[in-house]
Amino acid sequence: MSESLEKLHNRILADAKLKADETISEAEAKAKQIVEEARQGVRKEADEILAKANLEAEGIRRGVLSSKVRANRLRILEEKNKIVQDVVETVENKLAGISGLPQFQDTVKRFVTEAVVAVGSDQPIVRVGFKDASKRDLDGIAKSISRASKFVIEDTPIDVLGGVVASDPEGRVTFNNSFKARLERMDSQLLTLISSTIFGE
C-alpha cells in the first residue's frame, strides 16, 4: 500500500511538474508575444514620430526655401521696376524739353485738338503751358483754333512736364491732355511695353 501511495504521489508530482512546465512554456510564449507586440508598437510609433518629424522638417526646409525664393523674386521684381522707372523718368525729362524739338508745334496742335474735341464745347477755354516754350510758338497755335475759343498761355508747364488742358466756359467739363495725364492714362500699357522691350517678357 505504501508502494502504491508512493507511485501515486510520484505520478501526481510528475503530472504537476508537467502541468507546471506547460504553464511556464505558455507563460513564456505569451510573454514573448507581449514583448514582440510591444516592440512592434513602439517601432511603429517611433516610425510615425520620425515620419512626422521628417515631414515637419521638410515643410520648414521648403518654407525657408520658399521664403528665400519669394525674397529673391521680390528683389528681382524691385530691380526691374527700378529700371522701368528710370526709363519712365528719362522719357519724362525728354518730354519736358519738347519745346526745343522740330515737332513741337505739331504735337501741341494735336494735343489742343484732342482736348477741345473731348470737352465738346463751342467755346472751350484752352490752357497751354510748356517748359521753355516761346510765346511766338504758342501764339501760332492759338490762331489754329476757332475764334470762339479762349486761349491761355501759362507761365509754367502744366503738370510739370507741360501740356494742354481744355474746359467748357463753366468749368463743368475738363480734359487734361498734359504729358503727365497722358502717361497716367496709359500707365499699365506703357510699363508693360517698357518691361517687354527691356526684359523680353
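Structure data summary
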quantity: Other-chain or far-sequence residues with amide H under 5 Å of G129's (modelled H); calculated: E154, I158, G163
quantity: Alpha-carbon centroids, the stretch 129-174 and the stretch 86-125: separation in whole Å; calculated: 10
quantity: Calculated FRET value between R136 and T174, using beta carbons and R₀ = 22 Å, to 0.05; calculated: 0.20
quantity: Exposure proxy ranking, count of Cβ atoms within 10 Å, fewest first, for D155, D137; calculated: D155, D137
quantity: Stretchable slack from I76 to E154, in nm (0.36 nm times residue separation minus alpha-carbon distance); calculated: 23.9 nm
quantity: Cα-Cα over 24 Å, subset of K82/K109; K135/K180; K131/K180; K109/K150; calculated: K82/K109
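Rule-based calculations on the coordinates, nothing more; no lab input. Computed from a predicted structure; not experimentally measured. A quick note on method: Cβ atoms are made from the backbone with ideal geometry, for glycine too, and the neighbour counts reach across all protein chains shown.
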